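First up is the structure itself, then whatever we jot down about it.
Please treat every number below as a calculation from the coordinates, not as lab data. Everything quoted here is computed from the prediction, not taken from an experiment. Every residue, glycine as well, gets a Cβ built from its backbone with ideal geometry; the counts of neighbours run over all protein chains shown.
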């Protein structure tokens with residue numbers, strides 16, 4: 001019996017890629033089929049439009065995310081004006097077109113975020 005999806009076992013102890021900026025660190029592992037799983041840690045004071053926008057080169061985050069949040073609080077504003085606050089133990093699916101920032105003094109850490117390989121902020125793509 002064959003399967004199109006192979007068994008994979010990877011660890012953030014050895015990420016395939018690490019991206020860092022002011023107040024944030026993103027570790028990525030690659031999976032079959034072009035998927036990546038990322039672990040990002042952002043510090044109090046982090047705001048996507050201030051800390052990542054210069055690297056991404058877009059007005060809003062255009063990467064879709066599915067995330068489970070481990071710690072901290074974050075405020076998210078969608079392009080259409082919809083707003084949500086999120087905290088530990090919550091799961092969300094974010095479509096492209098959002099801004100976000102840490103609320104409070106605790107680092108924000110969604111333990112797992114999945115997104116396609118395109119759309120993530122890359123320093124080497126900075127304009």
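If you count, for each residue, the other Cβ atoms within 10 Å and average over each peptide, how do 37-47, 23-33 line up from highest to lowest?
37-47, 23-33
With the contact rule set at Cα under 8 Å and sequence spacing of 6 or more, what percent relative contact order holds for segment 17-125?
RCO, segment 17-125: 34 percent.
Calculate, axis by axis, the spread of Cα positions in segment 1-74 along the three principal axes, and write the results as whole Å, longest axis first.
The Cα atoms of segment 1-74 stretch 51, 25, 20 Å along the principal axes, largest first.
Report the Cα centroid-to-centroid distance between segment 1-76 and segment 88-111 in angstrom, as an integer.
So the separation of the two Cα centres works out to 11 Å.
Need one word for segment 17-125: rounded, prolate or oblate. Basis is the Cα gyration tensor (sqrt eigenvalues a ≥ b ≥ c); a/c below 1.5 gives rounded, then a/b vs b/c decides.
rounded
Mind checking the full-extension length gain between residue 13 and residue 66? Use 0.36 nm per residue of separation minus the Cα-Cα distance, one decimal, nm.
The residue 13-residue 66 span can extend by a further 17.0 nm.
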